[in-house]
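Accompanying notes for the structure given below.
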Amino acid sequence: MIIASNFKTNYTRGSAKAFIKEIQAFISNTKSEQQVRIFAPFTALDRFDEVSNLKVGAQNFYPVQSGSYTGEIGFEQLEEFGIDTVLIGHSERRHILKESQSFIAGKYDFAKAREVEIIYCIGEPAEIRVQGIDAVMSYLWEQFEGIDINYDKLVIAYEPVWAIGTGLSASLEDIEEVLTRLREKLCAPLLYGGSVKVDNIDAILHVKACDGVLVGTASWNEKAFCEMIRIADTVKK
């Protein structure tokens with residue numbers, strides 16, 4: 001399974017390095033087989049000692065190799081640190097920073113051409129959720145417009161917008177229903193994100209169609225994130 005942490009706008013280079021070293025040590029000592037991803041801020045990116053099943057990724061990028069785009073980060077800067085996994089389509093990019101679906105699809109194509117792993121985020125806001133599952137699925141499928149769903153390094157993270165950072169996780173029934181419907185058309189691994197924490201990760205990972213989690217706030221404590229990885233090691237799929 002994939003156990004991913006999104007640092008968002010948190011951590012410095014020093015604190016991120018200390019966090020990552022502790023996670024690396026935990027994975028090595030426990031011989032965990034989970035695929036662990038840590039998405040750090042640009043200023044915290046660095047080259048870290050390699051642990052085969054842990055990758056440090058980028059939360060964002062501008063779809064250029066390099067160029068005249070003041071304030072943006074292109075792939076040339078990511079390649080300096082060996083970055084080969086990126087987040088695309090996170091709801092905070094869509095709703096707060098107003099990235100359109102066409103722009104997101106352009107970023108996707110750019111990353112795909114560079115053969116990096118893409119964790120592609122989708123999710124519905126509260127006003128869509130209350131309309132029922134058909135409205136939810138229609139909204140989610142629209143977020144695949146222009147996206148090559150057959151890309152072999154694609155991972156999909158379903159994160160209901162109303163559950164991100166609110167402490168409200170979707171019910172297990174809701175998670176299972178959405179992921180099962182996504183699985184009807186998609187072969188890529190399916191993650192759930194949205195107020196995942198130590199107390200509920202075991203139940204979420206036991207959802208049949210769930211292949212892992214993308215965690216925000218609750219993963220920013222090293223011991224808690226290690227505990228999530230440990231719990232994942234106990235789940236039999």
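Some values worked out for this structure:
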quantity	calculated
Lone qualifier among Lys98, Lys107, Lys112 - being in a helix (DSSP H, G or I), out of contact with any Gly (no Cβ under 6 Å at 6 or more places or on another chain) and either open to solvent by 50 Å² or more (accessible area, probe 1.4 Å) or free of Cβ contacts under 8 Å to residues at least 40 places away in the same chain (or both)	Lys112
Residue ID - most open to solvent (accessible area, probe 1.4 Å), chosen from residues in the range 61-79 that are in contact with a Ser or Thr (Cβ under 9 Å, 6 or more places away or on another chain) and in a helix (DSSP H, G or I)	Glu76
Extreme residue, farthest from Arg230 (Cα to Cα), among residues of the range 5-28 that are open to solvent by less than 50 Å² (accessible area, probe 1.4 Å) and among the aromatic types (Phe, Trp, Tyr)	Phe7
Selection from the range 134-166 of residues that are open to solvent by 10 Å² or more (accessible area, probe 1.4 Å), within 16 Å of Val213 (Cα to Cα) and part of a helix (DSSP H, G or I)	Val161
When residues of the range 199-237 are limited to those that are among the β-branched types (Val, Ile, Thr) and assigned to a helix (DSSP H, G or I), the one farthest from Cys121 (Cα to Cα)	Thr234
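The values are calculated or read from the model by the stated rules, or taken from the named source; none is laboratory data. What you see is a predicted model, and the numbers here were worked out from it, not measured in a lab. Cβ coordinates were reconstructed from backbone atoms using ideal geometry, including for glycine residues, and neighbour counts include every protein chain displayed. These area figures cover heavy atoms from the full protein model, side chains too; ligands, DNA and RNA do not enter into them. Shrake-Rupley method; radii C 1.70, N 1.55, O 1.52, S 1.80 Å.
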